[in-house]
Each structure stands twice: as structure tokens, then as C-alpha cells.
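Okay, structure first, notes after.
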Amino acid sequence: MKKAEQIKLKTHKDERGNLTVIEFKDYFDWEAKRVYYLTDVTLPRGGHAVKHEKKLYVCQKGTVKARLHDGVKWIEFSLEGPDDAILMNEMCFRDFYDFSPDAVLMAISSVNYVPEDYIYDLDEFIKYVRNHEK
């Protein structure tokens, strides 16, 4: 399993419109503890990692680019619409940028917000990952 991968969500389309479904059991086995979303973004977001976090990012509308560092290398993603998502299976350092004006990026997290668990320095993150890998 990759630490982070782009996935396509199931979307049902008919004359009434589109319905995109996220059945948690189909994508991850962890408990979802927090949901938030970004709108009206004018500057890059992210620039951090969260200890022990797993996450699903969903581009509900518009487009956004992402890069996640898995402790070894950067992985680049382009999200374009409501069936594009990133499944972060393990903690990664992340950056989001190039949001379209109408972009809505939703995040479903495995952890609650604990400020002390945030790592804002990439070198510190890499050191943390090396010291805590199994």
C-alpha cells in the first residue's frame, strides 16, 4: 500500500445530475473523526504534517494541485472535480496550491485537532518518520 495515492470515487450520472458516493469501508479501515473543507482559497495551504494522521482529500468542486512528502520523496497530484481524491494511508507532509476560484477541497481525517501534533518543518518531519517507521 502506498502512503498516498490518487483515487477515483464512485459517481453515478443520469439526467438528474451526478451523485458521488464515499462508502468509507471501500476506501479505508480507520475511524473518521473530523471533516473540514476549504473554499475561496487565494494562497497555498498546508505546509505541515500531523502525527499519526490518515486522511481522505476530496476535490468537491473545481481544481487543485497537491504535493505530499512521504518521508522519502514528493508525490504530485492534480485533482479535477468531485470524483478525484487523495487517500493518505499514512502521515505525510502536504502542500496544496493552484486552487481554481471555485475550488472546494474537503478533508476527512482520522484524528481530532491537537495543535501539539502538527509538524511545520519538512526536515523535522523527515527525521520524525525515520525515527518512527516500523
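The values are calculated or read from the model by the stated rules, or taken from the named source; none is laboratory data. Note that the structure is predicted; figures quoted are calculated from it, not measured. Don't worry about glycine lacking a Cβ; one is built from the backbone with ideal geometry, like all the others, and counts go over all protein chains shown.
Points to keep in mind about this one:
- For region 102-115, the criterion of a residue being of a type outside the set (Lys, Arg) and at positive phi is satisfied by no position.
- The conditions of being modelled with pLDDT of 95 or more, under 15 Å from LYS2 (Cα atoms) and under 15 Å from the mean Cα position of the chain (by Cα) are met by GLU76.
- Only a single item in (1) part of a loop (DSSP other than H, G, I, E, B); (2) surrounded by 15 or more Cβ atoms within 10 Å (Cβ to Cβ) is not met by LEU79, and it is number (1).
- Of LYS2, LYS54, all but one fail to be buried (at least 19 other Cβ atoms within 10 Å of the Cβ) and either out of contact with any Pro (no Cβ under 7 Å at 6 or more places or on another chain) or modelled with pLDDT under 95 (or both); the exception is LYS54.
- Test for PHE99: is it over 15 Å from the mean Cα position of the chain (by Cα), touching a residue at least 60 places away in the same chain (Cβ under 8 Å) and surrounded by 18 or more Cβ atoms within 10 Å (Cβ to Cβ): no
- Checking each residue in region 62-76 for being loosely packed, with under 15 Cβ neighbours inside 10 Å and among the charged types (D, E, K, R) picks out LYS73, GLU76.
- Some residue of region 5-18 being in contact with a His (Cβ under 8 Å, 6 or more places away or on another chain), modelled with pLDDT under 95 and of a type outside the set (Phe, Trp, Tyr): yes
One line per residue, one yes/no per condition, for (1) closer than 21 Å to GLU5 by Cα; (2) touching a residue at least 40 places away in the same chain (Cβ under 8 Å); (3) among the hydrophobic types (A, V, I, L, M, F, W, C):
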{"position": "ARG16", "(1), (2), (3)": "no, no, no"}
{"position": "ILE22", "(1), (2), (3)": "yes, yes, yes"}
{"position": "LEU43", "(1), (2), (3)": "no, no, yes"}
{"position": "GLU53", "(1), (2), (3)": "yes, yes, no"}
{"position": "GLY81", "(1), (2), (3)": "yes, no, no"}
{"position": "ALA103", "(1), (2), (3)": "yes, yes, yes"}
{"position": "PRO115", "(1), (2), (3)": "no, no, no"}
{"position": "TYR118", "(1), (2), (3)": "no, yes, no"}
